[in-house]
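The next block holds one structure in the form of C-alpha cells; read it before the comments.
The values are calculated or read from the model by the stated rules, or taken from the named source; none is laboratory data. Computed from a prediction, not measured in an experiment: that's the story for all the values here. Methodologically, a virtual Cβ is constructed for each residue, glycine included, from the backbone with ideal geometry; neighbour enumeration extends over all protein chains shown.
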Amino acid sequence: MGRPVALIGRDLVTIDDLTNEEVEDILALAHRLDPDRQRVKTRGLLADQIIATLFFEPSTRTRLSFEAAAHRLGAQVIGFADATATSAKKGESLEDSVRTTSGYSDLIVLRHPEPGSARRAADASEVPVVNAGDGSQNHPTQALLDLYTIEKERGRLSDHNVVLLGDLRHGRTVHSLAVLLARFGNRLTFVAPEGLEMPRTVVAACEKHGPAPRQSDDLESAMGDADVFYVTRLQEERFPDTQQHRLFAGSYTVTPQVLAQARDDLTILHPLPRVGEIPTEVDVHPGAAYFRQAQNGVPVRMALLTRLLTETSP
Ligand code: NCD
C-alpha cells in the first residue's frame, strides 16, 4: 500500500482539481473498500463527521451513493433532495445557503443546475465542496467512478479505444470523463448527432493530453475498434424548449446491428438514467456493465470522502 495522498480540505469542482497520482490513489483505495473485496473495516473512519448533500436538481444514483458511502464510513448525513422545501424557494442566494450549511457540516456535496455553481459554492464555503454536477458543465465524481469501472472491468485504465455516444454538448459526465480518459492515455471517438457535438473547449483539453479525438456521426463504423462504449441520454432539461428536444428524440439507439460491429469483449457503460437509447435486450450482453458501474459509485465516493476528511489510511 502506497502513502496516502493528502487531500484534506480540498474542493473537487472539476477533474483538473486532481492530479493523475491523486486519481490513482483514490481508485486504489476504492478497490480496497469495494464490497466485492471488503478487506477493510470502514465504520469508524468518519465517525464524528457530518456530510451535507445539497441537491438542487434531481438525482438517484449520485445522491444515494454519496449517502450510502457516508453511512458506510460512519458519518452522519444532512441535506435535501428537493430545493423547493428550502430557503432557495424564498429567494436565498446559493452563496448564502452554502455559507450557512458549511457551518453545520464538515463537507458539502452539491448538485445545482447552473454552470459554475460549484465554483461559487466552493468560494463561499468554509468546508470542502464536492461538485456532484453543475448544469451541463462538470461531473468529476462520475468520471472517477467511470474510470474505476473501466479498470475493474478490463484490468487497466489506460490504452483503450473509447467511443462516447450521445448528447455530448449538454452531457456533463462526458465533459469530465473525456478529459480524464485522455489524461490516462486512452484514444477517444466522439459520436453525436449534428448540433450536439462535444464542446470545443473539451476537445481542446483532450488534445493537450494525447491524440486528437476522432469525431464522427457514423456510429456503426466507429464501433469497429472500440474497447469501451460509453452511451449517454439526450439531456432533455438542457434544451431551450421541447420542440428543439423533439428534433433529436430517438436519433440514436444501441441496436443489435450496432453491437454486431463491435469486438466480442466490448464493455458498455452508461451513467444512467437511460431513456431508451440502450434497449433492455442489451442488458444480457456480458459487457453491459452499467448497473455494476452505478454500484461502483459507493466505493469510489467512500475513497474520495475518506481522502478529503481524514489522514487515516485504511
Ligand atoms: C448523470 C447526470 O446527472 O449528469 N447521471 C448521474 O449522475 N449518474 C447523467 C444524466 O443525468 O444523464
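Test residue 42 against the stated conditions and say whether it is part of a helix (DSSP H, G or I) and of a type outside the set (A, V, I, L, M, F, W, C). Taking the combined requirement at face value, the residue does not satisfy it.
Picking from residues in the range 162-188 that are more than 12 Å from the chain's Cα centre (by Cα) and within 13 Å of the ligand (Cβ to nearest atom), the one that is surrounded by the fewest Cβ atoms within 10 Å (Cβ to Cβ) is 169.
With the condition kept exactly as written, say whether any residue in the range 142-159 is in contact with a helix residue (DSSP H, G or I) (Cβ under 9 Å, 6 or more places away or on another chain), within 15 Å of the ligand (Cβ to nearest atom) and part of a loop (DSSP other than H, G, I, E, B). Among the residues of the range 142-159, not one is in contact with a helix residue (DSSP H, G or I) (Cβ under 9 Å, 6 or more places away or on another chain), within 15 Å of the ligand (Cβ to nearest atom) and part of a loop (DSSP other than H, G, I, E, B), which makes the answer no.
Mind checking whether some residue in the range 254-264 is under 20 Å from the mean Cα position of the chain (by Cα), within 16 Å of the ligand (Cβ to nearest atom) and modelled with pLDDT of 95 or more? Checking the range 254-264: not a single residue is under 20 Å from the mean Cα position of the chain (by Cα), within 16 Å of the ligand (Cβ to nearest atom) and modelled with pLDDT of 95 or more. Here residue 22 meets the list (1) part of a helix (DSSP H, G or I); (2) away from the ligand (no atom under 16 Å from the Cβ); (3) surrounded by 20 or more Cβ atoms within 10 Å (Cβ to Cβ) almost entirely, failing just condition (3).
If I ask for residues that are of a type in the set (S, T, N, Q), out of contact with any Ser or Thr (no Cβ under 7 Å at 6 or more places or on another chain) and within 16 Å of the ligand (Cβ to nearest atom), which ones from the range 279-297 would you list?
Within the range 279-297, 295 is the sole residue that qualifies.
The single condition among (1) out of contact with any Phe, Trp or Tyr (no Cβ under 8 Å at 6 or more places or on another chain); (2) crowded, with 19+ Cβ neighbours inside 10 Å that residue 111 does not meet is (1). Here residue 312 meets the list (1) surrounded by 12 or more Cβ atoms within 10 Å (Cβ to Cβ); (2) touching a Leu at 6+ places or on another chain (Cβ under 9 Å); (3) farther than 26 Å from residue 113 by Cα almost entirely, failing just condition (1). With respect to residue 122, is the statement that it is buried (at least 18 other Cβ atoms within 10 Å of the Cβ), of a type in the set (A, V, I, L, M, F, W, C) and within 16 Å of the ligand (Cβ to nearest atom) true? The answer is no for residue 122.
Which residues, counting only those in the range 283-293, are of a type in the set (A, V, I, L, M) and crowded, with 20+ Cβ neighbours inside 10 Å? If the condition is that a residue be of a type in the set (A, V, I, L, M) and crowded, with 20+ Cβ neighbours inside 10 Å, then 288, 289 are the ones that fit. For the range 228-253, a tally of residues being more than 15 Å from residue 191 (Cα to Cα) and within 16 Å of the ligand (Cβ to nearest atom) returns 7.
The single condition from (1) touching a residue at least 40 places away in the same chain (Cβ under 8 Å); (2) within 14 Å of the ligand (Cβ to nearest atom) that residue 81 fails is (1). Just a yes or no: is a residue in the range 202-219 within 16 Å of the ligand (Cβ to nearest atom) and out of contact with any helix residue (DSSP H, G or I) (no Cβ under 8 Å at 6 or more places or on another chain)? No: zero hits. Going through the range 86-119 one residue at a time, which ones are within 16 Å of the ligand (Cβ to nearest atom), assigned to a loop (DSSP other than H, G, I, E, B) and in contact (Cβ under 8 Å) with a residue 40 or more places away in the chain? The one that is within 16 Å of the ligand (Cβ to nearest atom), assigned to a loop (DSSP other than H, G, I, E, B) and in contact (Cβ under 8 Å) with a residue 40 or more places away in the chain: 113.
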